[in-house]
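The structure under discussion appears below in the form of structure tokens.
The values are calculated or read from the model by the stated rules, or taken from the named source; none is laboratory data. Given the structure is predicted, the values throughout are model-derived calculations rather than measurements. Heads up, the Cβs are rebuilt from the backbone with ideal geometry, glycines too, and the neighbour counts pull from every protein chain shown.
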Amino acid sequence: MFGKLVPVPSGAVIPERDIGKRPILNCINLGVTFGGLKAVDDFNLMIGRTEIAGLIGPNGAGKTTVFNLLTKVYQPTHGTILLDGQDTHNMTTAQVNRAGIARTFQNIRLFNDLTVEENVTVAMDAQMKYSMVSGIFRLPSFWKEEKVAHERALELLSLFHMQDLANVKAGSLPYGAQRRLEIVRALATNPSLLLLDEPAAGMNPSETAELMENIRKIRDTFQIAIMLIEHDMNLVMNICEGICVLNFGRVIAKGSPEEIQSNPVVIEAYLGKQKEA
Amino acid sequence: MEFLSYLISGISLGSIYAIIALGYTMVYGIAKMLNFAHGDIIMIGGYVSFCSMYYLNLPPIVATLLAVIACTVLGIVIERLAYAPLRSAPSLAVLITAIGVSYFLQNSALLIWKAAAKTYPPVVAGAVQLFNGQLTISYISLLTIAACIVIMLALTTFVSKSKMGKAMRACSEDKGAAQLMGINVNSTISATFAIGSALAAIAGVLLCSFNTSLMPTTGSMPGIKAFTAAVFGGIGSIPGAFLGGLLLGIIEALAKAYISTQLANSIVFAVLIVVLLVKPAGLLGKIVPEKV
């Protein structure tokens, strides 16, 4: 149906600097079926430790489903996910997050009644060590960690110039700021792989340009891998090093932005088959 | 002076409702379920404290502590066994389960402690006389009001300041997103049930001291009233439960005193209906407009 699959070895998309290090993510034959429908099938992907990777495809191709599999919102029906070499098979959503995967959502899902700072610190709390007892009795370890959390939250917020909004309710932020806060909140869980689900959705070109800068800045500052789903091809082609194209739940192409742009299978998936002359 | 004495008895009755309503509202706010067994946990708290005082001759404070521990454990066990497996089931299934748990607790109490009412020894006896003996306030009333205020303040601080409180508010809004931020939703819900049940135990001791009697159905009516109070104040809101409980107690006491003892309950529920007609989300509840 899609013609010949372009033979790209699954490691080929990893940037040169990450080769020789263990990939942060390795999906092997990953798949999920919903009552007979193969939403994602035979999904293989490797992501380098500091790579910015793109996951693209037409609507309904299964991109968000892949994110949901990686974060265990859905249980894979087959296949393996290795996160930094560790099999996530028995982990819950919260455990996968603590093991290093954080994400944002296609439709913003902030805690609207919490302040901006609380949105960030609540995500840090899973990593905090003080016990319930020292929390109740306000022991020194509590104050120390609370102070560290407060400072780190402001530091993360300042990355996106949001430190002045720390005490504002998240729900009252303008749209663009909510999108940025979602990224900050995800970063607060200290991930080694950040999944961004349509980060540029609803943004104007100048906001998108700023977002691109920010995504690069995050990668450079934290030295983490970022995987993003995006329909804005300008953004994808500009910042992604490796791109994976999904259609009908299957990978139809993998490669660098140049390879993907000139790949006839991808063009066909997006634009339909050209009439033969 | 007469009015003042009715008012105070209303406030102390309302304080008990408020403590129970706080448990209702916390569980509803975070687990998004109506725990209709909450009233029966009050009754169990009453029996545990009764037995510790009556059979084991323990001082009231120790008896209360035992009741709190027993109810906390009971609350967690009920949540784990009966509600947790239904986390993704439709809310109606959970509601019916809660009603089932309620009957289970009532009938277990009936088996163990029999139907006859027990005379409950108040945890504190005596009263204070004011204005040359014109106004008598029992110590148990004062204790109840004080306990309610302390609990309310502690709970507000806990929810707004502590790590677990923050996690609770996050879970209350979006469990899925909370999970994806590394929050353990199951243990957060367990903690909520633990707190709610501990409050129920305290309410049980106070309620039984107030009524000086105890039987397996002791918890049902106060449970329903407290649920009403929680809805009245805006379910899911902690200050709302506090306010709703107090107002309900005052309305009930004044209606009993000035209108009719028989009609008191009807009046209470009539007020609820009027309030909900004017403010459908309750006094302090927020109406979330749907985005179109």
Quiz item: How many of the residues making up region A:181-214 are buried (at least 22 other Cβ atoms within 10 Å of the Cβ), more than 13 Å from every other protein chain (Cβ to nearest Cβ) and in a helix (DSSP H, G or I)?
Solution: 1
Quiz item: Does residue A:98 satisfy the condition of being within 14 Å of chain B (Cβ to nearest Cβ), of a type outside the set (S, T, N, Q) and in contact with a strand residue (DSSP E or B) (Cβ under 6 Å, 6 or more places away or on another chain)?
Solution: no
Quiz item: Quick check: is even one residue across region B:30-51 at pLDDT below 90, under 22 Å from residue B:227 (Cβ atoms) and surrounded by fewer than 18 Cβ atoms within 10 Å (Cβ to Cβ)?
Solution: yes
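Looking at region A:19-28, can you tell me whether even one residue there is basic (Lys, Arg) and either surrounded by fewer than 16 Cβ atoms within 10 Å (Cβ to Cβ) or assigned to a loop (DSSP other than H, G, I, E, B) (or both)?
Checked against the condition, which is being basic (Lys, Arg) and either surrounded by fewer than 16 Cβ atoms within 10 Å (Cβ to Cβ) or assigned to a loop (DSSP other than H, G, I, E, B) (or both), region A:19-28 yields at least one hit.
Look at residue A:227 and say whether it is in a helix (DSSP H, G or I), within 28 Å of residue B:180 (Cβ to Cβ) and in contact with a Leu (Cβ under 7 Å, 6 or more places away or on another chain). Quick ask: steps written out before the conclusion?
Numbers: in a helix (DSSP H, G or I): no; within 28 Å of residue B:180 (Cβ to Cβ): yes; in contact with a Leu (Cβ under 7 Å, 6 or more places away or on another chain): yes.
It is false that residue A:227 is in a helix (DSSP H, G or I), within 28 Å of residue B:180 (Cβ to Cβ) and in contact with a Leu (Cβ under 7 Å, 6 or more places away or on another chain).
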Quiz prompt | Checklist (1) touching a Ser or Thr at 6+ places or on another chain (Cβ under 7 Å); (2) among the aliphatic types (A, V, I, L, M); (3) crowded, with 24+ Cβ neighbours inside 10 Å; (4) within 14 Å of chain A (Cβ to nearest Cβ) applied to residue B:194, failing item | solution = (3)
Practice problem: For region B:152-182, enumerate the residues that are under 26 Å from residue B:17 (Cα atoms), of a type in the set (Lys, Arg) and more than 7 Å from every other protein chain (Cβ to nearest Cβ). | Solution: B:161
Quiz item: Would you pick out the residues in region A:98-118 that are part of a strand (DSSP E or B) and under 16 Å from the mean Cα position of the chain (by Cα)?
Solution: A:101, A:102, A:103
Quiz item: Name the pairs: first residue in region A:80-92 and of a type in the set (Asp, Glu), second residue in a loop (DSSP other than H, G, I, E, B) and surrounded by 17 or more Cβ atoms within 10 Å (Cβ to Cβ), Cβ to Cβ under 7 Å, at least 6 apart or on different chains?
Solution: A:84/A:24; A:84/A:100; A:84/A:192
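Could you please give the count of residues in region B:175-217 that are assigned to a loop (DSSP other than H, G, I, E, B), over 21 Å from residue A:189 (Cα atoms) and modelled with pLDDT of 90 or more?
Result for region B:175-217: 3.
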Quiz item: Any chance region A:25-34 includes a residue that's over 30 Å from residue B:183 (Cβ atoms) and at pLDDT 90 or above?
Solution: yes
Practice problem: Scan (1) part of a helix (DSSP H, G or I); (2) under 30 Å from residue B:3 (Cβ atoms); (3) of a type outside the set (A, V, I, L, M, F, W, C) for the single condition residue B:83 breaks and write down its number. | Solution: (2)
Practice problem: Could you list, in sequence order, all residues of region B:230-267 that are surrounded by fewer than 23 Cβ atoms within 10 Å (Cβ to Cβ) and among the aromatic types (Phe, Trp, Tyr)? | Solution: B:258
